[in-house]
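To start, the structure under review is shown below, and the notes come after it.
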Amino acid sequence: MPLLDRYGRVARDLRVSLTDRCNLRCSYCMPPEGLEWAPDDTQLTDDEVVRLVRVAVQRLGVTGVRFTGGEPLLRRGLVDIVSRVRALEPDRERLGLSVTTNALGLSRSAQALADAGLDRVNVSLDTVRPETFLKIALRDRLHDVVDGLAAAQAAGLGPVKVNAVLLRGINDDQAPELLAWCLERGYQLRFIEQMPLDAQHGWDRSAMVTADEIVSRLEERFTLAPAAEPRGSAPAELFSVDGGPATVGVIASVTRPFCGDCDRVRLTADGQVRTCLFAREESDLRSALRAGADDGELATRWVTAMRGKAAGHGIDDESFLQPDRPMSAIGG
Ligand code: SAM
Ligand code: SF4
């Protein structure tokens, strides 16, 4: 049973949030005081996470699982969850496993994650200046991220990707510097347009740094050309840098949405299926699971949920409404 929606798209890429908690406070994501974390009894246990991923992989055609959050490295059972999910499908061509992380503590867990069967990591890093890091994330932890990136690469969790968000007046002038830093180390940098997903509702369409602007900033120092490889359902538009082979990506979620090619589906840490980051409805698999549903019923509920997937997120429409849950509670 594929996860087919009404527009003919098939979801094969599952994002699993393992917690809504985080140890940074990136201003585009979370307020300085943090959020009220979800109660423990609403969170899927490790067994429940593995069970739902098993349904997705063995019954619903999912071929990629990305663990995210909040901050997934805060989930105590992460290494064990990765190893149990890897055991469901040992063939890495058939099932890719990755983590999106802020990399705090990754220097200690990268090798264990690789040994457990993880393929890749995406690390979020918006600046390589300690003072700007502190300003954006409100914690003085740049050195941890730098160490985490190096450990991930040494553990073979590559190609290591770096995700960056540019904020006007804070780090938008640092795009070329960040790219140079990533190129020197062999990390693949991708810029993400800031989206209206922060709990504080501070997003401002007129102030956000657009993809066109990001490219112009980079072109002040580098020569960019559209990369030859086809994009498929990948959200990043890739550009070769200075003739290649290095590339840089730009994820223009707001100004050039790629919803028509979307192959994602999300599972929140409290067991809700979300068909889109911007969905206004969720389907409750946790209650069904805890009420004793078997794998077949869980799969049927998941397939039904996909029928509600919207054609697009409509961020640029007048009628757009920000989802009730912030990015950290959905799973970015
Ligand atoms: N804590 C992990 C991390 O930061 O990588 C995983 C969760 S985080 C929500 C996932 C990704 O979402 C990060 O790359 C982060 O930069 C991005 N993100 C968070 N809020 C965003 C926003 N309002 N617009 C665009 N990207 C955002
Ligand atoms: Fe935490 Fe990631 Fe949100 Fe930053 S983007 S506050 S690291 S969840």
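The values are calculated or read from the model by the stated rules, or taken from the named source; none is laboratory data. Keep in mind that this is a model prediction, so the values were computed, not measured. Please note: Cβ atoms are built from the backbone with ideal geometry, for glycine as well, and neighbour counts cover all protein chains shown. The area values use the complete protein model at the heavy-atom level, side chains included, leaving out ligands, DNA and RNA. Shrake-Rupley method; radii C 1.70, N 1.55, O 1.52, S 1.80 Å.
Filter region 1-44 down to the residues that are aliphatic (A, V, I, L, M), assigned to a loop (DSSP other than H, G, I, E, B) and more than 10 Å from ligand 2 (Cβ to nearest atom) and list them by number.
Result: MET1, LEU18, ALA38, LEU44.
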Has region 81-98 got at least one residue that is closer than 30 Å to VAL10 by Cβ, within 16 Å of ligand 2 (Cβ to nearest atom), in contact with a strand residue (DSSP E or B) (Cβ under 9 Å, 6 or more places away or on another chain) and not charged (D, E, K, R)?
yes
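Residues checked against (1) touching a residue at least 60 places away in the same chain (Cβ under 8 Å); (2) open to solvent by 20 Å² or more (accessible area, probe 1.4 Å); (3) under 19 Å from LEU224 (Cα atoms); (4) not hydroxyl-bearing (Ser, Thr, Tyr):
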position	(1), (2), (3), (4)
THR132	no, no, no, no
ILE136	yes, no, no, yes
ASP144	no, yes, no, yes
GLY156	no, yes, no, yes
LEU179	yes, no, yes, yes
GLY202	yes, yes, no, yes
State yes or no: is ALA279 modelled with pLDDT of 90 or more, under 21 Å from the mean Cα position of the chain (by Cα), crowded, with 19+ Cβ neighbours inside 10 Å and among the aliphatic types (A, V, I, L, M)?
no
Within region 1-55, the residues that are over 30 Å from GLY292 (Cβ atoms), surrounded by 15 or more Cβ atoms within 10 Å (Cβ to Cβ) and away from ligand 1 (no atom under 14 Å from the Cβ) are ARG9
I'd like to verify a number: residues in region 181-200 that are open to solvent by 40 Å² or more (accessible area, probe 1.4 Å), charged (D, E, K, R) and at pLDDT below 95, how many?
0
Count - residues of region 93-114 that are in contact with an Asp or Glu (Cβ under 6 Å, 6 or more places away or on another chain) and of a type outside the set (Gly, Ala, Ser)
4
